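A.B. asks: I'd like to ask you about the structure that follows.
The values are calculated or read from the model by the stated rules, or taken from the named source; none is laboratory data. None of the values given here were measured: they were computed from a predicted structure. Please note: Cβ atoms are built from the backbone with ideal geometry, for glycine as well, and neighbour counts cover all protein chains shown. When the accessible area is computed, the model is the full protein with side chains, heavy atoms only, and any ligands, DNA or RNA have been set aside. Shrake-Rupley method; radii C 1.70, N 1.55, O 1.52, S 1.80 Å.
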Amino acid sequence: MSALTFTLKSPAQQRIDLSPLTPDKLAGKSIADIGAILLQSGKTKLRTDEVFAISGDDSNGIVFDNANHKLDYIGSGMKSGKITINGGAGSYLGFQMKKGEIILNGDADAFAASGMADGFIHIKGNVGDFLGAAYFGERKGMKGGTVLVTGNAGERAGDQMRRGLILIEGNVGAYCASRMLAGTIGILGNTGEYLGYGMRRGTLLVTKTPDLHATIQDCGTHTLPFLNLMFKSFAALPSKFSKINQNRVQRYAGDLANDGKGEILVLQ
Amino acid sequence: MIINGVTIDDTFAEAFGMRGTRVIITAQNLKWAYNAANAMTGFATSVIACGVEAGIEREMSANETPDGRPGVSILMFAMGSAVLMKQLETRLGQCVLTCPTAAAFSGIDSGYPEITKINLGKNLRFFGDGFQISKKFGGKRFWRVPVMDGEFLTEESTGMIRSVGGGNFLILAESQPQALAACEAAIEAMKKIPNVIMPFPGGVVRSGSKVGSKYKTLIASTNDAFCPTLKGITNTQLSPEIESVMEIVIDGLTELDIRKATRAGIAAACALGAENGIKRVSAGNYGGKLGPYHFKLRDIMSDESLNDIAPGVTA
């Protein structure tokens, strides 16, 4: 069996919602059935085989080739299997994803991993704003799983995040971890202003001392044994995070304007 | 059956179903892991008055433990799950939460047919008064509780399984020092067996009991048939040359673990042999009607397959 491959025929003029094309929704369907699936694009609906050349038969491992940033909701709500994207992805990559794996060889737009519950997303390029954040009107962002970003992330990464792990090897924009409820975000690069703004609980792990606002307070330098467990859990990740091997940190706690039980740990 | 001049009685040890759990205690170094573990397994020789029977199973090197620090594993057994859960929580709270640098982790996650999750640090977290922090790694939840030395780290739960308690054998010798020397040799050998503990002081118990008493309020009393000073006035089980009897009690996670430990212990005692005053090995039972597990000494001593203690280790 070869991977079920969707090759974008021509660069899309309008954004296309790819949420029907997940391994669990396509399981057991023939290529003809799959080709007839209608995809929402703006005000119109397009047949899948109008948009993509379809080949292969293993719906458990889906590949999108020639993909670009007009393709939204890739892996939305997926419950199993693996999606590999070559090119780029639009907004809402892995939206409310339940399980499985998404590998993106390229950049993603805003709201990647929004409402994600479990599974693994590896974005090998950069990602836009609101990574792992709550959808409009929702009060909780990402609820579980792991997101690994090899490049940079935009603003508001982890906004209202409830649980799970986001690891960013590059830089993040402003308001990272704003209104964060719990979970863990690790950042190896630079952080923007207002890091942890309104953060309620949760852990931020950074390598460089950030500029912090007044309601995040220094709690001193500590050797924390739980970091051993955390770094052990990173060991299998294809990432620079798997190399971290020290548990001495400067601990800042906040945001005191919003309960103040969150923490920003700066590796020493 | 006679091994090296030591008679193995044609009898069996009678054991009971218990609930067992394992906890891994780590600390800055082994000294402090032992301080916590010794406290947690203190006053835990017999369920009759201690609630649980507990002991240190073995030392663990830094690369075996979850947090990469040296530690020890503890086994804890009780007659019912409610008692075990209560004792685990109170002992963890008073002995590990309090011990500098110590942390506690689950010791049973897989490998047994039926594993019940029981609370480890789940309720102790409230000591943190709202400052406690939950972290989930690899599907397991951990709690970080701020304490005066830094943070107390504990896993939320550990596994409880159906296990076996009360395996035993008796060593009958010509003198008290010889009986004790044989027991020490047996315990030394049995400590190498995984999944078992010998809960009494130094692993050895001298006050074996029988069911009932002349005093109506007592449910158990001294086993006069094996008391050497009563040889002439009671229905004794001892021949004239026996001057001292000691017992080793074994609790194990499975029946097989106890069989292996019994074999290793008796073999070590018999290695001293008749020339060192070791005359007989027997076992305690209640006629076979009370406990579902019967450990027949002669069967165990003739079963070579029990020498495989664990991968790469033989008796």
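A.B. asks: So, with +1 on the Cβ of K and R and -1 on the Cβ of D and E, and no other charges, what is the size of the charge dipole of the protein assembly as shown about its Cα centre, to the nearest 20 debye?
C.D. replies: Dipole of the protein assembly as shown, to the nearest 20 debye: 1140 debye.
A.B. asks: Taking only protein heavy atoms into account and a 1.4 Å probe, give the accessible area per residue of chain B in Å².
C.D. replies: Accessible area per residue: 45 Å².
A.B. asks: Now for a different question. Please give the calculated 222 nm ellipticity per residue for the protein assembly as shown, where each DSSP H segment of at least 4 residues contributes -39500 (n - 2.57) and the sum is spread over every residue; nearest 500 deg cm²/dmol?
C.D. replies: Value at 222 nm, helices only: -4000 deg cm²/dmol.
A.B. asks: Using the crude model of +1 on Lys and Arg Cβ and -1 on Asp and Glu Cβ, and no other charge, please compute the dipole size for the stretch B:18-161 relative to its Cα centre, in debye to 20.
C.D. replies: Details: 15 positive and 13 negative charges, 49 e Å.
In total the dipole reaches around 240 debye.
A.B. asks: Pairing the Cα long axis of helix B:255-272 with the longest principal axis of chain B, what angle in degrees results, from 0 to 90 and rounded to the nearest 10?
C.D. replies: 50
A.B. asks: Taking +1 at the Cβ of each Lys and Arg and -1 at the Cβ of each Asp and Glu, which of A:VAL51, A:GLY106, A:GLN160 sits farthest along the dipole of chain A towards its positive end, judged by Cα position relative to the Cα centre?
C.D. replies: About the Cα centre, the residue reaching furthest to the positive side is A:GLN160.
A.B. asks: How big is the antiparallel share of DSSP beta bridges in the protein assembly as shown, given as a percent to the nearest 5?
C.D. replies: On the way: 86 of 134 bridges.
Given both bridge residues lie in the protein assembly as shown, the antiparallel proportion sits at roughly 65 percent.
A.B. asks: Sticking with this structure for a sec: For the stretch A:1-108, what class follows from the C-alpha gyration tensor (a ≥ b ≥ c being the square roots of its eigenvalues): rounded when a/c is under 1.5, otherwise prolate if a/b is larger than b/c, else oblate?
C.D. replies: Judged from the Cα gyration tensor, the stretch A:1-108 comes out rounded (a/c under 1.5).
A.B. asks: Now for a separate question. Within the set A:LYS99/B:LYS117; A:LYS79/A:LYS143; A:LYS240/B:LYS135, which residue pairs have Cα atoms separated by over 18 Å?
C.D. replies: Those over the limit are A:LYS99/B:LYS117; A:LYS240/B:LYS135.
A.B. asks: Considering the dipole of the stretch A:199-267 built from charges on the beta carbon (Lys and Arg +1, Asp and Glu -1) around the Cα centre, which of A:LEU204, A:CYS219, A:SER242 is farthest to its positive end?
C.D. replies: Among A:LEU204, A:CYS219, A:SER242, the one farthest towards the positive end of the dipole of the stretch A:199-267 is A:SER242.
A.B. asks: Also, I was wondering about something else. Could I have the simple spin-label model distance between B:THR98 and B:LYS210, label points 7 Å from Cα toward Cβ, reported in nm to one decimal?
C.D. replies: 4.1
A.B. asks: In addition: State the answer as a single residue: which of B:ALA186, B:GLY42, B:ILE3 lies farthest towards the positive end of the charge dipole of the protein assembly as shown, with beta carbon charges of +1 for Lys and Arg and -1 for Asp and Glu, about the Cα centre.
C.D. replies: Selected residue: B:GLY42.
A.B. asks: I want to make sure I understand the PRE zone here: with the label point 7 angstrom from the Cα of A:LYS240 toward its beta carbon, which residues in the stretch A:167-185 have backbone N atoms less than 13 Å away?
C.D. replies: A:168-172
A.B. asks: Whenever you get a sec, compute what percent of the accessible area on chain A sits on carbon and sulfur atoms (1.4 Å probe).
C.D. replies: Carbon plus sulfur share of accessible area: 48 percent.
A.B. asks: Rounded to the nearest 20 debye, what is the charge dipole size of the stretch A:110-267 about its Cα centre when +1 sits on each Lys and Arg Cβ and -1 on each Asp and Glu Cβ?
C.D. replies: In debye, rounded to 20, the stretch A:110-267 gives about 480.
A.B. asks: Now a separate question. Can you pull out the trypsin sites (Lys or Arg not before Pro) in the stretch A:180-218 whose DSSP state is coil and whose Cβ has at most 14 other Cβ atoms within 10 Å?
C.D. replies: Passing both the DSSP loop test and the Cβ count: A:LYS208.
A.B. asks: Return the single residue from B:LEU172, B:LEU84, B:LEU230 with maximal mean-square fluctuation; model: Gaussian network over chain B, springs between Cα atoms under 10 Å.
C.D. replies: Highest fluctuation of the listed residues: B:LEU230.
A.B. asks: Need one number: nm distance between label points at A:SER80 and B:ALA82, each 7 Å from Cα along Cα→Cβ, rounded to one decimal.
C.D. replies: 4.2
A.B. asks: Related question: Quick one: grab Rg to one decimal and Dmax as a whole number for the protein assembly as shown, Cα atoms only, in Å.
C.D. replies: Expressed in Å, the Cα Rg and Dmax of the protein assembly as shown come to 31.4, 106.
A.B. asks: While we're on this one: How much of the accessible area of the stretch B:203-282, probe 1.4 Å, is carbon plus sulfur, in whole percent? Could the numbers behind the result be given before it?
C.D. replies: On the way: 2150 of 3920 Å².
About 55 percent, which is the carbon plus sulfur part of the accessible surface.
A.B. asks: What does DSSP give for the stretch A:110-267 in terms of the percent of beta bridges that are antiparallel, rounded to the nearest 5?
C.D. replies: The answer is about 35 percent antiparallel.
A.B. asks: Lys and Arg at +1, Asp and Glu at -1: add these up for the other residues within a Cβ distance under 11 Å of B:PHE43 and post the number.
C.D. replies: Around B:PHE43, the surrounding residues sum to 0.
A.B. asks: Let me ask you something else. Need one number: nm distance between label points at A:GLN13 and B:ILE48, each 7 Å from Cα along Cα→Cβ, rounded to one decimal.
C.D. replies: Taking the simple label geometry, A:GLN13 and B:ILE48 are separated by 9.1 nm.
A.B. asks: Only bridges with both residues in chain A count here: give the DSSP antiparallel percent, nearest 5. Present the calculation step by step, with values, prior to reporting the outcome.
C.D. replies: On the way: 19 of 64 bridges.
If we restrict to bridges inside chain A, about 30 percent are antiparallel.
A.B. asks: Then there's this: Count neighbours as other Cβ atoms within 10 Å of each site's Cβ, and list the chymotrypsin sites (Phe, Trp or Tyr not before Pro) in the stretch B:1-65 that are DSSP loop with at most 16 such neighbours. Walk me through the numbers on the way to the answer.
C.D. replies: Details: sites: B:PHE12, B:PHE16, B:TRP32, B:TYR34, B:PHE43; in loops: B:PHE43.
Within the stretch B:1-65, the qualifying chymotrypsin sites (Phe, Trp or Tyr not before Pro) (loop, at most 16 other Cβ atoms within 10 Å) are B:PHE43.
A.B. asks: Can you tell me the 0 to 90 degree angle between the C-alpha axis of helix B:176-190 and the longest principal axis of chain B, rounded to 10?
C.D. replies: 50
A.B. asks: Next question, about the same structure. Residues in the stretch A:171-206, backbone N under 18 Å from the label point at A:ALA214 (7 Å along the Cα-to-beta-carbon vector): list them, ranges by number please.
C.D. replies: In the stretch A:171-206, the label zone of A:ALA214 (backbone N under 18 Å from the point 7 Å along Cα→Cβ) covers A:194-199.
A.B. asks: In addition: How high is the FRET efficiency between B:ASP10 and B:ASN123 when r is their beta carbon distance and R₀ equals 60 Å, given to the nearest 0.05?
C.D. replies: 0.75
A.B. asks: Still on this structure, please answer the following. Within the stretch B:183-225, which residues have the backbone N less than 18 Å from the label spot 7 Å out from B:LYS289 along Cα→beta-carbon, could you tell me?
C.D. replies: B:210-213, B:219-221
A.B. asks: For the pairing of chain B with chain A, what total accessible surface becomes buried, with a 1.4 angstrom probe, in square angstrom to the nearest 100? Walk me through the intermediate numbers first.
C.D. replies: Numbers: alone 14840 and 11320 Å², together 24860 Å².
Using a 1.4 Å probe on protein heavy atoms, the buried area is about 1300 Å².
A.B. asks: Report, to the nearest 10°, how far helix B:30-40 tilts away from the longest principal axis of the Cα atoms in chain B, using its own Cα long axis and a range of 0 to 90°.
C.D. replies: With rounding to tens, the tilt is 70 degrees.
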